[in-house]
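Chemist: First the structure, then my questions, so here it is.
The values are calculated or read from the model by the stated rules, or taken from the named source; none is laboratory data. Note that the structure is a prediction, hence the values are computed from the model and not measured. All Cβ positions, glycine included, derive from the backbone under ideal geometry; neighbour counts span all protein chains shown.
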Amino acid sequence: MKNKHSVKIIVVLAVVIFTVIYSLPSTTMWENAFGVLTPDEQAAVPERLLEINSVENAAVIKFQVDKMASVLTAGKNPVKVEDILNSVADTARKLLVNQGLQAMVINPDYENGNASIRVLEKNPDQVRALLKEISLYAKFPLFLTKIFPRSKITFGLDLKGGIDLVYQVDVNSIEKDDSITDAVQRSVEIIRNRIDIFGIAEPSIKAQEGNRIRIQLPGVKDPERVKKLIQNTAMLQFHLVIDQAMTAAQLEPINPETEIVLMKPAAPNQQAMWFKLQKRAEVTGRDLKIAKPIFDDMGSPIVHLEFNAEGAAKFAQLTGAHVGDQLAIVLDNKVHSAPVIQTRITGGMATITGKFSLEEAQNLAIVLRAGALPASLIALESRVVGPTLGRESVEAGKKAGVLGALLILIFMAVFYKLCGVLADLAVILNTAIIFSVLVFFGGTLTLPGIAGLILTIGMAVDANIIIFERIREEFRSGKTVKASINSGFDRALACIVDSNVTTLLTVAILYAFGSGPIRGFATTLGIGLVANIFTAIVCVKLALDLIYSGNRAKTLSI
């Protein structure tokens, strides 16, 4: 190995290492080796604490939290036990359902740090085998994952399916003290918090011109539930009850400065009621620390509330001073319940009842934890990309890409022999570089992006063909192998650089003035063109120089 190649070898090795590090986490090989659960989830809910027990006609998987795990104790914002348990249990449930099983999460016990899944018509041994099959936990030591990034390739709506929503902030509902810009930005953050708690991966939530907010959620299978979750203003308040009646007219007269009249909506077998309340809210949702769905003694879903230190003090003072009075729990200007205060409540805890379904209780807990929207949202556009369409797009793209790539690789290997094999390796590296750069910069792969990728592969092969044909011409003219290689690359360099640079200029224009799918196409094509120059001019040239080093080589496999 000569010193003049050392720098090139180091650069190529650095690019290959970068490519492997940023591409591997997006492959099925990664999940098989390091598990579907994230390293943090596996550390917080380790496999060693997993219990699988048999019950009548089913098996129960019990996930338990390691309360000493660093992700639950370290840092300023440790992960909440309920959040990580919900994520682990939901991931496991979805994987089991995808295997055709009937699996459901049952009664999570957050206080004791566990959540369970019931798998019907399976015994513990069968479930253990299934957990190994779906690669929930890592087979290799997790410390190896520290050298890899946590991010993976992001697929667009056209590949993964999902919903594309556009909302406009209702300026008439913004409080006088808030600016429109501030209300939009706060709405974006609150919606992002709700979506994160709901557990949707890779959301795109951005403010746009005209007080609009665009929300793209890949992989969503229940769009109506997500829409309700996003639009719910979730303004929680506790008001003392002055009077109640069957109609609002029976509560007159009211003092508009100190009193309000709100309705409790009708429920099955229950008539609507009207309440006259003190206008000032004694405690609000801003005083909340935790809101989560639990089950009461009868097994019905309710929402459990825990206040922060300031809210707990307010709540204790309020209930202590008004024993025997009614306290209305008001959500979005509607009375949910109005229980009688039996005694002073310390500890800062309360519950919201209302004959919820489990899904309704979960949604209410999410919006309460994420906070209230500063203004109402007006739905302007809703576009659903079905997961079937996304799956068909992926399969069609795979078939086209694999078939085209195989034909190209076979042609190059047969027609140009060893040099063709080197060109094939360069094309594979080129493709891997595109994926790794997308991961590094947080880009999104879309169907037009796949089209740009396939076009890049064609241009990469074209560059190598130009080089090899120039080398053939030089070798046939009587030059030595080494001289032919050097002369061939020199003659092809200007042509390759010119064609790629002019295409890059077009790509820059598409990216600057285009949007959405056009930008996706331009992004992958632009990255591929830069990688193409590197793999064709640097990598292939280096490989040929190392293989045919010295002056003894008499034949050239081309």
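Chemist: Between a residue in the stretch 292-321 that is of a type in the set (A, V, I, L, M, F, W, C) and any residue that is in a helix (DSSP H, G or I), which pairs come within a Cβ distance under 6 Å, given they are 6 or more apart or on different chains?
Modeler: As it stands, the answer is Val303/Ala361; Val303/Leu364; Val303/Ala365; Phe307/Asp287; Phe307/Phe315, since those pairs meet every condition given.
Chemist: Still on this structure: Give all pairs with beta carbons closer than 7 Å in which a residue from the stretch 430-442 that is in the same structural domain as Val15 (by TED's automatic domain parsing) meets a residue that is surrounded by fewer than 22 Cβ atoms within 10 Å (Cβ to Cβ) and among the small types (Gly, Ala, Ser); count only pairs at least 6 apart in sequence or on separate chains.
Modeler: Phe435/Ser26; Val439/Ser26; Val439/Ser151; Gly442/Ser151
Chemist: Quick check: anything in the stretch 292-309 surrounded by fewer than 18 Cβ atoms within 10 Å (Cβ to Cβ), over 19 Å from Ala361 (Cα atoms) and either at pLDDT 80 or above or of a type outside the set (A, V, I, L, M, F, W, C) (or both)?
Modeler: Yes; the residues of the stretch 292-309 include at least one that is surrounded by fewer than 18 Cβ atoms within 10 Å (Cβ to Cβ), over 19 Å from Ala361 (Cα atoms) and either at pLDDT 80 or above or of a type outside the set (A, V, I, L, M, F, W, C) (or both).
Chemist: With the requirement that a residue be out of contact with any Gly (no Cβ under 9 Å at 6 or more places or on another chain), without any contact (Cβ under 8 Å) to a residue 60 or more places away in the chain and under 23 Å from Ser116 (Cα atoms), what does the stretch 18-44 give you?
Modeler: Asp40, Ala44
Chemist: Across the stretch 316-343, what is the number of residues that are modelled with pLDDT under 85 and over 20 Å from Leu262 (Cβ atoms)?
Modeler: So the count comes out to 2.
Chemist: Out of (1) closer than 20 Å to Pro149 by Cα; (2) touching a Pro at 6+ places or on another chain (Cβ under 8 Å), what's the single condition that is false for Gly35?
Modeler: (2)
Chemist: Can you tell me which residue within the stretch 15-38, out of those that are outside any helix (DSSP H, G or I) and in contact with a Phe, Trp or Tyr (Cβ under 9 Å, 6 or more places away or on another chain), is surrounded by the fewest Cβ atoms within 10 Å (Cβ to Cβ)?
Modeler: Filtering the stretch 15-38 for residues outside any helix (DSSP H, G or I) gives 27, 35-38.
Filter once more, keeping what is in contact with a Phe, Trp or Tyr (Cβ under 9 Å, 6 or more places away or on another chain): 35-37.
On the way: Gly35: 21, Val36: 18, Leu37: 23.
My answer is Val36.
To keep it simple, each residue is scored yes or no on (1) surrounded by 16 or more Cβ atoms within 10 Å (Cβ to Cβ); (2) part of a loop (DSSP other than H, G, I, E, B); (3) of a type in the set (D, E, K, R).
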position: Lys4; (1), (2), (3): no, no, yes
position: Leu13; (1), (2), (3): no, no, no
position: Asp40; (1), (2), (3): yes, no, yes
position: Ser54; (1), (2), (3): no, no, no
position: Lys67; (1), (2), (3): no, yes, yes
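Chemist: So how many residues does the stretch 445-456 have that are outside any loop (DSSP other than H, G, I, E, B) and crowded, with 22+ Cβ neighbours inside 10 Å?
Modeler: Residues meeting the conditions: 6.
Chemist: Return yes when Tyr110 is at pLDDT below 80 and of a type in the set (Phe, Trp, Tyr) and no when it is not.
Modeler: On the way: at pLDDT below 80: yes; of a type in the set (Phe, Trp, Tyr): yes.
When the stated conditions are applied, Tyr110 passes them.
Chemist: Now a separate question. Restricting attention to the stretch 223-243, does a residue exist that is exposed (fewer than 14 other Cβ atoms within 10 Å of the Cβ), part of a strand (DSSP E or B) and without any contact (Cβ under 8 Å) to a residue 60 or more places away in the chain?
Modeler: Checking the stretch 223-243: not a single residue is exposed (fewer than 14 other Cβ atoms within 10 Å of the Cβ), part of a strand (DSSP E or B) and without any contact (Cβ under 8 Å) to a residue 60 or more places away in the chain.
Chemist: Quickly run through the stretch 96-140 and pick out the residues that are buried (at least 19 other Cβ atoms within 10 Å of the Cβ) and within 22 Å of the chain's Cα centre (by Cα).
Modeler: Leu96, Leu136, Tyr137, Ala138
Chemist: Which ones in the stretch 434-455 are more than 15 Å from the chain's Cα centre (by Cα) and β-branched (Val, Ile, Thr)?
Modeler: Ile434, Val437, Thr446, Ile450, Ile454
Chemist: Take Val439 and tell me if it is in contact with a Lys or Arg (Cβ under 8 Å, 6 or more places away or on another chain) and more than 17 Å from Ile465 (Cα to Cα). Write out each step before concluding.
Modeler: Working: in contact with a Lys or Arg (Cβ under 8 Å, 6 or more places away or on another chain): yes; more than 17 Å from Ile465 (Cα to Cα): yes.
When the stated conditions are applied, Val439 passes them.
Chemist: Taking the criterion of being modelled with pLDDT of 85 or more and either under 16 Å from the mean Cα position of the chain (by Cα) or not hydrophobic (A, V, I, L, M, F, W, C) (or both), would at least one residue in the stretch 221-242 satisfy it?
Modeler: Yes, the stretch 221-242 has at least one match.
Chemist: Kindly indicate whether Asp83 is charged (D, E, K, R), part of a helix (DSSP H, G or I) and buried (at least 21 other Cβ atoms within 10 Å of the Cβ). Write out each step before concluding.
Modeler: Working: charged (D, E, K, R): yes; part of a helix (DSSP H, G or I): yes; buried (at least 21 other Cβ atoms within 10 Å of the Cβ): no.
Judged against the criteria, Asp83 is not a match.
Chemist: Please go through the stretch 321-352 and pick out each residue that is crowded, with 16+ Cβ neighbours inside 10 Å and of a type in the set (A, V, I, L, M).
Modeler: Selection gives Leu327, Ala328, Ile329, Val330, Leu331, Val335, Ala338, Ile341, Ile345, Ala350, Ile352.
Chemist: I need a count of the residues in the stretch 278-287 that are part of a strand (DSSP E or B) and crowded, with 20+ Cβ neighbours inside 10 Å.
Modeler: To start, the set of residues in the stretch 278-287 that are part of a strand (DSSP E or B) comprises 278, 283-284.
Right, trim to crowded, with 20+ Cβ neighbours inside 10 Å and you get 283.
Result for the stretch 278-287: 1.
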